[in-house]
1. Helix check for the chain. Which DSSP H runs span at least 20 Å along their own axis by Cα, with a mean Kyte-Doolittle hydropathy no less than 0.5?
2. Ordered by packing density, taken as the mean number of other Cβ atoms within 10 Å over each peptide's residues, highest first, how do 32-40, 55-63 rank?
3. Given Phe216, Val139, Phe156, which one lies farthest toward the positive end of the charge dipole of the stretch 118-217, if we put +1 on the Cβ of every Lys and Arg and -1 on the Cβ of every Asp and Glu?
4. How large is the dipole of the chain about the Cα centre if only Lys and Arg carry +1 and Asp and Glu carry -1, each at its Cβ, rounded to the nearest 20 debye?
5. For Rg and Dmax of the Cα atoms in Å, which listed value, (i) 19.6, 68; (ii) 17.1, 59; (iii) 23.9, 91, comes from the coordinates shown?
6. Relative to the Cα centre, what is the charge dipole magnitude of the stretch 118-217, using +1 at the beta carbon of each Lys and Arg, -1 at the beta carbon of each Asp and Glu, and rounding to the nearest 20 debye?
7. Excluding same-chain residues fewer than 8 positions from Lys71, which lysines have a Cα within less than 26 Å of its Cα?
8. I need the shape label for the stretch 157-202. Rule: rounded when a/c is under 1.5, else prolate if a/b > b/c, else oblate, with a, b, c from the alpha carbon gyration tensor.
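Nothing in this text is a laboratory measurement; each read-out follows from the coordinates by a stated rule. Remember, predicted model here, so these are calculated numbers, not experimental data. As a convention, Cβ positions derive from the backbone with ideal geometry for all residues, glycine included, and neighbour counts pool all protein chains shown.
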Amino acid sequence: MTLDTIKNALTLTFLIAVSVLMLTSITAAQNTSAASKEYKRLVALSAALKKIPMNKQDKEPHRSFLKKNDKDIVYSDPSAEWYVRSDRFWDLYKKYESLAIADQIAWTAADNPLPGECEGYVNCYLYKLRTTYGEYLMVKPKGAYSKKAARSMVKFLGYMADDIASAKKNYDGPTEASDRAEFATMIKELREILTKVTNPDATKALGQLKLIEEAFK
């Protein structure tokens, strides 16, 4: 093999490497742009839903707007409000989880309101925590919003923990075997999630979780 042949081969290899790098950069930029566009659409939809008066949801232009976005929204009967479906944000997170914007998308998913009311049922509250702030901490234990997520868990677990020590007893635990098994599973999952989060609020939440476990198991 001559020196010129070696030089040509090296040049070709270099050009291929540069081309691949450029293509990767372009693809990453395109994905980031697409993720941002899809995310902003859902956020804008959420903001628009909040502006619809309760007594005008079945009137134009709100009725057509709700029908147009039917696949992305869900109605909460207790509050008489429409919310963006949380799974739309979580699906978006999974689609772009390798991008920097994924952390923000995951937090928006976690902080998005869920429809319905728990009416004092402990399993329901634990489920909501597991699928919102718990889910964020599972996928982003060291994320930019991990402190906020842990703090939110302390707040909502605190309502149940404080009630245990009071005479009011506003919360009801599971009674059926299947419900008790569900309770145990959610306690276990939340504990496993929180043990991987290194901040004081996560430690506090673990203590509250133990108190709730002992009171309602």
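1. On the way: long enough: 3-50 (71 Å, 0.71); 146-165 (28 Å, -0.01); 177-194 (26 Å, -0.09); 200-216 (24 Å, -0.02).
Helices meeting the criterion: 3-50.
2. Numbers: 32-40: 14.4, 55-63: 11.3.
Descending mean neighbour count gives 32-40, 55-63.
3. Checking the options against the dipole of the stretch 118-217, the answer is Val139.
4. Numbers: 33 positive and 27 negative charges, 134 e Å.
About 640 debye.
5. (iii)
6. Working: 17 positive and 13 negative charges, 119 e Å.
Magnitude of the dipole: close to 580 debye.
7. Lys71 reaches Lys37, Lys40, Lys50, Lys51, Lys56, Lys59, Lys94, Lys95, Lys128.
8. Working: a/c = 4.97, a/b = 1.21, b/c = 4.12.
Verdict is oblate for the stretch 157-202.
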